[in-house]
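See structure below.
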């Protein structure tokens, strides 16, 4: 399929939304982003498998919570269904950093994409690998084919300094004996993972195993078909903060967003998409990326519904 | 496609689950159901469009909350997106009959499938038609082709007598000026809708417009393609009580369940499914129906993910 | 003691607060009150027991939730400690009409002064007397010595029409099997009780049994010394909505307020006080009455602390 | 007054309750306490002011949360009413270590006796003194006249190691910019304060300023009469965890309890009481101390109600 015409139309639509909303401002490095930037990439599985994009699709940004879908996949690959004893798979109905939910459910996060859930996943990945953040970085390098994928240690340090809420979540998990590693170790790796810098092109490439029912770039299997389906299901019900219903409504694809402005989406069996724009709506999702994905599914009819 | 082999295997799997769990006991008419009953139907869109089934697929049961997907469609058909100002489309993260959520959100239910949301939809349908329950019954007769589809007035009366929690929800909605009709009127029609008696065959047939992107049985359009997609999206994130994530995980289809033991599911562009078994899991979903749908998607690979 | 000088000074202070805040507007009869009205009465136990007042201390007003302290006393007089199995005695930490609290605690209200708790008390009083509202009226007539104390049936009817939130609370209680009588019966008597019209003079007189450690006006015993102490304790921790801490802080007396603008307070062993002003602060307590009681305890040093 | 007969009767009653319940077990030093120990002291203001006691009234125990009433007094003495902008004075309606309440109220604790509130008070005392824990220790030495009052650094270190929930509270406060000092500094002083070891005799002596309307042991004024009254009011509505209503009901005195098993109570204008027994009821209050205070007020009639 020739995506050029679609990409141009997606870009035209999304640019009118770019700049609407507010750039994440809780740390200086994110606050400095250009709110009108916009990029979009599609990584196809058909034929020889190519990737194409439009706008600032090769401009680097902080992947932030998009990292959570990859750490989940790495833990599922090792543990299978065992993970679900420690973290739920239900939509949260609460903000992504809610302490009330975690307290009510005695330290079992609603799903792996709320911050508490991702801390549990990182804790487990640390057990499995001895270095949770390097494990993620190496995986992303391999899947994207780009050896330059790396942490932004300045961002990680800045997040740690301002990260009292995540520290509160981690201590509450520890209070319920839900962490195998020390709170500071888990936070260290969590922030490094969030700080990884990629672009629309490399993120779309790195996620193709989700569209390919679990097969990695080199043809080996990361996840069973069933596990890959399940990651997509969790993305659909919980990947876009407390706007998951609205996102399913408008876009209708499994997706994961981050406060760096990126949104990764999956069209199972067909392709992966990555849209980016730093300005966020009140729920923390990029307005431009949301508009772009909406336009893409409308033009192609490739919603799952 | 020849469904016979699939149906037989689905039945074999589901029967081992039938009877696990507890029949709804809050009113005598539901409590009397045989917990080991099981039925399953598939209504295809391909070729001439046929329907086939297995087990007790023509045994009548109370559709209960499965009715909510049809009343939602009828209101969307008339109002379009206007409805979403009165009811959300996010997963609830709370039990289906939670007063706390409704109080916190000042009378705006999280989605049209929690009880409060369905009361708002019924209130609106009453405004549009003057007789919300007859409007639903007539629609179900037309789509299923079965003129015998009707209310069970004994069940409706029994529900009303025991329905203090729904009355509390309706009064709380009224307290926030969210109802145009009187509380008693809304409850009257709500319970009649829930009391409608159908079977797997007729329910699967009646829902084909959701698989057909909005087209009714007679070829006319009920919903736009976009609206039909949106109903499916809401079903996926909120159609199976607070087990939506688990259901998406296991089955991966838009679905709506009821405490009568029925679960209706949609394979967009392909077919509709209706599974039934009266024994419920702790979340209120039929254990046999869930097992049947799980088996069906595993055998066919027809999850949306 | 000669209260004249104190009364004059209390009045001077309170009048500067009178009119600050908003008159209750949820029903027309309350909304029509003069926000600048103010009255204050003290009913002494010493010597021959006299009552004196200042301002509009004989102007009639709707006692509203002040009624709750009398219904509580009547039920305790009959049941003793048995009541506490059905209703708690802890401060609520939530608004007086919270459904979330009642849902979380499975139909056991936090204390007898939140609306749900008063509905439970009324339900029990109905069982004990066969006519809960007349029982209260007759008691208030006897204690105040004023046979004109009576219901305002117009107000009661108006409250019932607008009382969706109380109806929601009552149905939620019924859903948890916490009411022995029908929802409509309980609400009927509840609203009649709230509608009773009295003035500062008669309310202060009627409550003297709480200052007299349980002895009624005619010298017979209504409550044991221990029970009377306990009613005062519940008033202190829960008598002024979710401002109980602030009230204890400023005034330091057991008290019960109503949205009609009245606040009844007890100085154990010494006297009762009733202050009134229709304009309410954001918590629902009369600003003028609060200022008056604050001034009174400052001038006399008669806080319990 | 001669307290001997009262003390003997109190002891007889309380000993039958001693051992009922469970000793705090979250750190080894507390878990090792003898559950059947019991002590009671009364420090009179009349005449020359004496102190007497019964049982293990000179056995040392960890004062734990009883410390909160003294740190509150020290901050009020310096800041007056300014503190109440940072912490409320309402009963909590939630457990003493609830994160949900703190999250809902955006970092403003309900009162100074829930853990989050005490952390805010300690943070302020640190600003005022440069060494919050030494300031408290020195004050307790001066008021009790016992220079041996000191920290138990082993207990403080043990609490810090197990104190993930308090760390979560402190980080959540910091997330809302409610702390002037670093999280670790505040926790350090908080745990030292809780670790102070005293006995019934010295605690009752140290608190006499609350019964004396603000006057210290040396006759100087710590608090204004109004401030002293307000500390007593906060103790009554929030001093005994989420059992404040029950405590007011049974005992009817301002009081503060700790998980070390001590309960300090105030009879304004007359005396202070300290009861101790390590076994706790499910709310965290000592069963023996509660029984002792109940017996004392019943025998003397010295409730505030």
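Could you pull the Rg and Dmax for the stretch A:9-159, using just the Cα atoms, both in Å?
Looking at the stretch A:9-159, its Cα Rg and Dmax stand at 17.7, 49 Å.
Quote the relative contact order of chain D in percent (integer), defining contacts as alpha-carbon pairs under 8 Å separated by 6+ residues.
For chain D, the relative contact order is 29 percent.
I want to check the label-to-label distance for residue A:79 and residue B:9. Put each point 7 Å from Cα in the C-beta direction and report it in nm to one decimal.
Placing both labels 7 Å beyond Cα along the Cβ direction yields 3.1 nm.
Taking each label point as 7 Å beyond Cα in the direction of the beta carbon, state the distances from residue C:282 to the same residue in the other copies, shortest first, in nm.
Relative to the other copies, residue C:282 has label-point distances of 1.9, 3.5, 4.0 nm.
Rounded to the nearest angstrom and ordered from largest down, what semi-axes does the equivalent ellipsoid of the stretch C:1-51 get from its C-alpha gyration tensor (root of 5λ)?
Equivalent-ellipsoid dimensions as semi-axes: 29, 15, 6 Å.
Taking the Cα centre of each part, how many Å lie between the stretch B:3-45 and the stretch B:145-215?
If you average the Cα positions of each part, the centres end up 22 Å apart.
Using 20 Å bins from zero, what percent of all Cα-Cα pairs in chain C falls into each bin?
Once binned at 20 Å, the Cα pair distances of chain C give 38, 59, 3.
Treat each spin label as a single point 7 Å out from the Cα along the C-beta direction, and report the residue A:148 to residue C:148 distance in nm.
Rounded to a tenth, the inter-label distance reads 9.2 nm.
Need one number: convex hull volume per residue for the stretch A:54-112, Cα atoms only, in Å³.
127
Tell me the mean residue ellipticity at 222 nm calculated for chain D from its helices only (DSSP H runs of n ≥ 4, each -39500 (n - 2.57), averaged over every residue, nearest 500).
-14000 deg cm²/dmol
Which of A:290, A:236, A:83 moves most in a GNM of chain A, Cα contacts under 10 Å?
Greatest mean-square fluctuation among the candidates belongs to A:83.
Note the distances from residue B:154 to each other copy's matching label point, with points 7 Å along the Cα-to-beta-carbon direction, in nm, sorted shortest first.
Going from nearest to farthest copy, the values are 5.0, 7.4, 7.6 nm.
Between residue C:26 and residue B:157, take the C-beta separation as r, use R0 = 35 Å, and let me know the FRET efficiency to the nearest 0.05.
Computed FRET efficiency for residue C:26 and residue B:157 comes out at 0.55.
Compactness ratio of the stretch C:80-167: Cα Rg over 2.2 N^0.38 Å, N = residue count?
Normalised Rg, Cα atoms only: 1.23.
Anyone know which of B:134, B:92, B:226 comes out most mobile in the 10 Å Cα GNM of chain B?
The residue that fluctuates most here is B:226.
Near the axis that takes chain A to chain B, which A residue has its beta carbon closest, and at how many Å?
Result for the axis mapping A onto B: A:93, 1.
Note down the relative contact order for the stretch A:147-305 as a percent, whole number, built from C-alpha pairs under 8 angstrom at least six residues apart.
17
Taking the DSSP beta bridges in the protein assembly as shown as the whole, what percent of them are antiparallel, to the nearest 5?
So the antiparallel bridges amount to about 100 percent of the total.
Would you please state the base-10 log of I(q)/I(0) at q = 0.14, 0.28, 0.33 1/Å for the stretch C:215-260, with intensities from the Debye formula using one equal scatterer on every alpha carbon?
One equal scatterer on each Cα of the stretch C:215-260 leads to -0.41, -0.92, -1.08.
D for the protein assembly as shown, whole µm²/s, Stokes-Einstein with Kirkwood Rh over alpha-carbon pairs at 4 °C and 1.567 mPa s: what number?
The diffusion coefficient I find is 39 µm²/s.
Mean-square fluctuation check for chain B, GNM, Cα pairs under 10 Å: which of B:276, B:57, B:84 is largest?
B:84
Viscosity 1.306 mPa s, temperature 10 °C: Stokes-Einstein D of the stretch D:157-305 from its Kirkwood Cα radius, in µm² per second?
For these conditions, the coefficient is 95 µm²/s.
Coordinate-derived values only; no laboratory data. Only a predicted model underlies this, so the values are computations on that prediction, with no experimental measurement involved. In this analysis, Cβ positions are derived from the backbone assuming ideal geometry, glycine residues included, and neighbour counts consider all displayed protein chains.
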